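Heads up: the structure comes next, in structure tokens.
No lab work stands behind these numbers, since they all come straight from the coordinates. Note that the structure is a prediction, hence the values are computed from the model and not measured. Cβ atoms come from the backbone with ideal geometry, glycine included; neighbour counts cover every protein chain shown.
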Amino acid sequence: MVRSTMSKRDKPQDSELVDAARALDEGLERFEALATQLEQAPLQSEKHLERASATLNSLADMDEQLRLRVGALVSAISRVRDRQQAQAEAVHQRAQVLQTRTEVFKELLVRYGALGQSAGELNVRMQEFAQQRQQAKTTEEQTALGASFQALQTRMTEVAGEAQALTQAADESDFGDIARQADSLRQQLLSARNKMSLLQKNFEAS
């Protein structure tokens, strides 16, 4: 079994806040230990008094060090708070962008859904027109068929224009998928319209 090892170089660096808190905690432990030592120290001889005095001086020095370490921890906390607030503001701004983008996407999706419905209705009308053309025998029926053809062509042009407008709007909003789908539908509509025009001309010439 291979045991993974981590060198000091690979060990992740502690944060400034962790370092400051650890330094303060270690200082407090030493201060408390010396304070307990002073409290329990005997004071029955000159040597005892000298030793207690030295311990007292050490505590005074450590007290100043603790003040500095407390200040360092407070400063680290302040910087962490500032970082957190900056990140929170960035998250808030991103959330607003996300909300706006979602609303734009939903609007484009609704337009694409309506476009698809219009294309489906046109497909039904084209099938009906093909059947009517096959059944048209009299001049009156052919005349009515010509009017239906013009109305169908006009509607196909309108829907193709709607598809083009949606393609442009999706491109400008940087929603490439909807833009490509709308443009594909536009091309299909224009192709179908051109084929119908050719077939109608052949029908009228016959």
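First select every other residue whose beta carbon is under 14 angstrom from the beta carbon of T102; then total the charges, Lys and Arg +1, Asp and Glu -1.
On the way: positive: R94, R101, K106; negative: E103, E107, D174.
Charge balance in the 14 Å sphere: 0.
How much mean residue ellipticity at 222 nm does the chain get from its helices, if each DSSP H run of length 4 or more adds -39500 (n - 2.57) and you divide by all residues, to the nearest 500 deg cm²/dmol?
Working: 4 runs with 179 residues, N = 206.
Roughly -32500 deg cm²/dmol at 222 nm, from the helical runs in the chain.
Please work out the FRET efficiency for the pair A95 and S15, using the Cβ-Cβ distance as r and a Förster radius of 25 Å; give the result to the nearest 0.05. Mind dumping the intermediate values first?
Numbers: r = 26 Å, r/R0 = 1.05.
After rounding to 0.05, the efficiency reads 0.45.
Using the Karplus curve 6.51 cos²θ - 1.76 cosθ + 1.60 with θ = phi - 60°, work out ³J(HN,Hα) for each residue of the stretch 93-105 in order, rounded to whole Hz, and write x for Gly and Pro.
5, 5, 5, 5, 4, 4, 5, 5, 5, 5, 5, 5, 4
Between A130 and E39, what is the label-to-label distance in nm when each label sits 7 Å out along the Cα-to-Cβ direction?
It is 9.8 nm.
Please compute the modelled spin-label separation between A86 and V110, points set 7 Å along Cα→Cβ, answer in nm with one decimal.
4.0
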